[in-house]
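The values are calculated or read from the model by the stated rules, or taken from the named source; none is laboratory data. The structure displayed is predicted, hence computed values, not measured ones. Neighbour counts are summed over all protein chains in view; Cβ atoms, including those assigned to glycine, are modelled from backbone coordinates with ideal geometry. Areas reflect the complete protein model, heavy atoms only, side chains present, ligands, DNA and RNA absent. Shrake-Rupley method; radii C 1.70, N 1.55, O 1.52, S 1.80 Å.
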Amino acid sequence: MILSDAVVEPLRDWGVGYVFGVSGANIEHLHDSIHRLGQGRLQSIMTRREDASAYMADARGRVHRTLGVCCSTAGGALLNLAVGLAESYAESVPVLAIVGQAPSAFEGKGAFQDGSGIGRAMSAKRFLETITKYTAKVDNPERFWTQLLAASKAALSGRPGPTALLVARDMFAAEVPP
């Protein structure tokens with residue numbers, strides 16, 4: 001199973017219902033998987049801006065006392081998403097943010113929306129760690145399930161709050177173990 005499908009199946013089966021987001025080059029695989037595998041139980045809700053996506057996931061988490069999920073691509077989109085995640089962090093609302101990143105081969109080489117922290121690129125991971133309970137960079141398909149479970153548990157356990165998974169564009173197409 002490819003990683004983008006592996007994200008969708010548990011979210012669908014957990015009854016999350018919606019993934020709020022703005023599509024873009026580094027996150028489009030996720031929306032495709034939701035369309036193919038959502039079975040009417042998980043839908044992509046496209047928003048005009050990423051901050052709206054985060055606020056909608058926050059509202060879903062608050063009202064339904066469940067995991068709200070939002071997504072965006074990297075760069076400026078991530079910064080827009082962060083506004084809502086910071087609110088979720090301050091108010092202890094369980095949200096999972098899935099953030100598409102530049103392809104692994106171009107990380108640190110000046111790629112568009114590079115979040116590696118190398119050179120003049122911002123470090124998406126370090127930035128998100130300041131406003132989330134847990135942030136992981138999914139750079140090895142073998143560790144995906146552990147990271148998804150850790151992000152979900154962290155969002156919902158103890159004092160709830162947002163978590164984030166950073167996924168390089170090419171990782172969405174990588175095979176993950178069963």
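How would the range 34-110 be classified by its alpha-carbon gyration tensor: rounded, prolate or oblate, with rounded meaning a/c under 1.5 and the a/b versus b/c comparison settling the rest?
Working: a/c = 2.25, a/b = 1.31, b/c = 1.72.
Since a/c reaches 1.5 but b/c is at least a/b, the shape of the range 34-110 is classed as oblate.
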* Roll a 1.4 Å probe over the protein chains and send me the accessible area per residue for the range 41-130 in Å². => 48 Å²
* Structure fact -> In whole Hz, the Karplus estimates of ³J(HN,Hα) for the range 23-36 (6.51, -1.76, 1.60; θ = phi - 60°; x where Gly or Pro) are 7, x, 4, 9, 10, 4, 4, 5, 5, 4, 5, 4, 4, 6
* First measure r as the distance between the Cβ atoms of R49 and S123, then evaluate 1/(1 + (r/R0)^6) with R0 = 25 Å and state the FRET efficiency to the nearest 0.05. => 0.60
* Computed FRET efficiency, Cβ-Cβ of I2 and S92, R0 35 Å: what is it to the nearest 0.05? -> 0.55
* To do: Assuming a ≥ b ≥ c are the square roots of the Cα gyration tensor eigenvalues, decide whether the chain counts as rounded (a/c under 1.5), prolate (otherwise, with a/b larger than b/c) or oblate.
  => rounded
* Asked: Which far-off residues, 5 or more places away or on another chain, put their amide H under 5 Å from the one on A168, with H placed in the peptide plane?
  -> Q101, V138
* Using helices alone, what [θ] at 222 nm do you get for the chain, with -39,500 (n - 2.57) per DSSP H run of 4 or more residues, divided over all residues and rounded to the nearest 500? -> -12500 deg cm²/dmol
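Please state the shape class of the range 1-68: rounded when a/c is under 1.5, otherwise prolate if a/b exceeds b/c and oblate if not, all from the C-alpha gyration tensor. All intermediate terms of the calculation are to be shown ahead of the outcome.
Details: a/c = 2.17, a/b = 1.17, b/c = 1.85.
Since a/c reaches 1.5 but b/c is at least a/b, the shape of the range 1-68 is classed as oblate.
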* **the chain: relative contact order in percent, alpha carbon pairs under 8 Å with at least 6 residues between** => 24 percent
* Structure fact -> Put R36, R169, R159 in order of accessible area, largest first, probe 1.4 Å, and you get R159, R36, R169
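Please report, as a whole percent, how much of the solvent-accessible surface of the range 22-91 comes from carbon and sulfur atoms (probe radius 1.4 Å). Could you put the intermediate results ahead of the total?
Details: 1650 of 3280 Å².
After summing per-atom areas, the C and S share lands at 50 percent.
Calculate, in nm to one decimal, what H64 and T130 gain on full extension: separation in residues at 0.36 nm each, minus their alpha carbon distance. Walk me through the intermediate numbers first.
Details: separation 66, 0.36 × 66 = 23.76 nm, distance 2.56 nm.
Contour length minus the Cα-Cα distance gives 21.2 nm.
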* Each residue of the range 3-17 in order: what ³J(HN,Hα) in whole Hz does its phi give by Karplus 6.51 cos²θ - 1.76 cosθ + 1.60, θ = phi - 60°, with x for Gly and Pro? -> 4, 4, 5, 5, 6, 5, 4, x, 4, 4, 6, 7, x, 4, x
